[in-house]
Amino acid sequence: MKIFSSLDRLKKIGIKIFAVLFWLLVWEALFRYVDREILIVSPVRAAARLIELGGTVEFWRAVAGSCLRVLEGFGLAILTGSFLAVITSRSAFLKQLFQPFLGAIRATPVASLIILALVWMATTRIPVFVVFLMVTPIVWTNVFAGLEVIDTGLLEMGIVFKFGLWKRIRYIFLPSLMPYIVSALTSGLGAAWKSAIAAEVIARPIGAMGSHVHDSRIHLLTADLFAWTAAIIIICVILEKLIVRLLRVIGDLLAGKRRKKLGHQI
């Protein structure tokens with residue numbers, strides 16, 4: 001069984017590598033067809049420029065600044081979205097009260113929010129604000145869906161064994177909600193990065209990846225534009241995988257503790 005599992009894993013890795021190589025070849029073919037570096041550069045040139053940028057302090061300062069803004073807005077969205085999901089799942093009135101806000105945020109273009117934010121706050125806070133608004137409805141919707149399908153039998157068992165609020169959250173709610181939380185954060189992180197970079201491109205705060213994307217476009221530095229875009233994609237993928245893996249580890253721990261605790265109680 002281990003041999004088959006290893007072969008299956010190697011097959012999946014091989015397919016992923018083939019897919020990446022295929023699209024790199026498509027990129028290279030497109031570059032050769034256009035044959036104008038001001039419009040598109042080769043993958044090799046973009047990679048070389050990314051390595052060059054990676055050796056500068058300015059690059060890592062911009063990476064750190066963008067990551068901190070995204071994570072700050074993301075964290076606020078998780079807390080707010082989860083809180084709204086809890087209170088609206090317990091009150092039909094509150095659900096109807098907040099529903100228009102959820103719909104309005106979903107329907108409002110990101111560019112409009114960014115332009116409005118330019119009037120309201122400092123440029124360094126705009127990416128945080130936009131990420132917060134974009135991710136909050138995603139977390140809210142997913143956590144609300146999870147709360148709606150929690151096993152009532154487990155809730156009744158918690159009442160029977162006189163679980164306090166913390167024990168119910170720890171052994172019943174969190175393990176049951178973990179798949180919905182993972183789904184919310186996976187899709188929310190992608191939305192967070194896109195909206196944050198868009199906000200940085202328009203607002204141009206100091207020490208931001210989006211600001212460098214804007215400057216590369218203005219000065220027609222196509223290699224820099226591709227390099228910064230590649231860096232944004234790579235960092236987004238790495239952060240997403242780290243967060244998802246961390247959440248799955250926490251979910252496994254909570255599930256194991258829940259089984260152990262409930263088994264002990266029974």
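Tabulated data for the structure shown
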{"quantity": "Single unsatisfied condition, L76 versus (1) surrounded by fewer than 19 Cβ atoms within 10 Å (Cβ to Cβ); (2) touching an Asp or Glu at 6+ places or on another chain (Cβ under 9 Å); (3) more than 30 Å from F22 (Cβ to Cβ)", "calculated": "(2)"}
{"quantity": "Flag if L30 is open to solvent by 50 Å² or more (accessible area, probe 1.4 Å), touching a residue at least 24 places away in the same chain (Cβ under 8 Å) and assigned to a helix (DSSP H, G or I)", "calculated": "no"}
{"quantity": "Options V119, V130; residue that is under 12 Å from A203 (Cβ atoms) and in contact with a Ser or Thr (Cβ under 9 Å, 6 or more places away or on another chain)", "calculated": "V130"}
{"quantity": "Only one of I233, I206 that is farther than 21 Å from A77 by Cα and not in a helix (DSSP H, G or I)", "calculated": "I206"}
{"quantity": "Every pair of residues 6+ apart whose Cβ atoms lie under 6 Å, when the first sits in the range 83-96 and is surrounded by 12 or more Cβ atoms within 10 Å (Cβ to Cβ) while the second is modelled with pLDDT of 85 or more and aliphatic (A, V, I, L, M)", "calculated": "L94/I87"}
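The values are calculated or read from the model by the stated rules, or taken from the named source; none is laboratory data. Nothing here was measured: the structure is a model prediction, and the numbers come from that model. Every residue, glycine among them, receives a Cβ derived from its backbone with ideal geometry; neighbour counts consider all protein chains shown. Just the protein is used for accessible areas: all its heavy atoms, side chains included, with ligands, DNA and RNA removed. Shrake-Rupley method; radii C 1.70, N 1.55, O 1.52, S 1.80 Å.
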